[in-house]
1. Going by the structure shown, is residue 37 open to solvent by 40 Å² or more (accessible area, probe 1.4 Å) and hydrophobic (A, V, I, L, M, F, W, C)?
2. From the list 8, 46, exactly one residue is surrounded by fewer than 11 Cβ atoms within 10 Å (Cβ to Cβ), in contact with a strand residue (DSSP E or B) (Cβ under 8 Å, 6 or more places away or on another chain) and part of a strand (DSSP E or B). Which is it?
3. Of a type in the set (A, V, I, L, M, F, W, C) and open to solvent by 100 Å² or more (accessible area, probe 1.4 Å): which single residue out of 84, 72 fits that description?
4. Search region 49-69 for residues being farther than 26 Å from residue 14 by Cβ and among the hydrophobic types (A, V, I, L, M, F, W, C), and hand back the single one that is surrounded by the most Cβ atoms within 10 Å (Cβ to Cβ).
Amino acid sequence: SRTVAGTLIFAILSQPVIRRICSRLYDRGKNIMMDELPPFNIEITLANEFGDTSRISIVGVEFTEGNRVMSVEDMQTNEQYSFVAQSIIG
């Protein structure tokens, strides 16, 4: 069997990305962890300066692990989420 896996990395500006997503999807009082989210799809659209486009879909994404990384070199805090998915189309 084949495995589709990867990592999503987000820069934290004011609050964690998953908290913002969960607050839009669920009641604000409900505390949902990233690994409790239902499977979802990620749509990636690419375009170049000539107007050519391409599209990739990552289907059935489920988070397996999440971390917060603080970099002294860049003076930035990032969230890193590892995921597995069902397939890639594109």
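The values are calculated or read from the model by the stated rules, or taken from the named source; none is laboratory data. Only a predicted model underlies this, so the values are computations on that prediction, with no experimental measurement involved. Reconstructed Cβ throughout: ideal geometry from the backbone, glycine too, with neighbour counts over all protein chains shown. Remember, those area values only see protein heavy atoms, side chains included, never the ligands or the DNA or RNA. Shrake-Rupley method; radii C 1.70, N 1.55, O 1.52, S 1.80 Å.
1. On the way: open to solvent by 40 Å² or more (accessible area, probe 1.4 Å): no; hydrophobic (A, V, I, L, M, F, W, C): yes.
The answer is no for residue 37.
2. Numbers: 8 fails: surrounded by fewer than 11 Cβ atoms within 10 Å (Cβ to Cβ).
Every option except 46 fails the conditions.
3. Details: 84 fails: open to solvent by 100 Å² or more (accessible area, probe 1.4 Å).
Just a single option satisfies the conditions, and that option is 72.
4. 58
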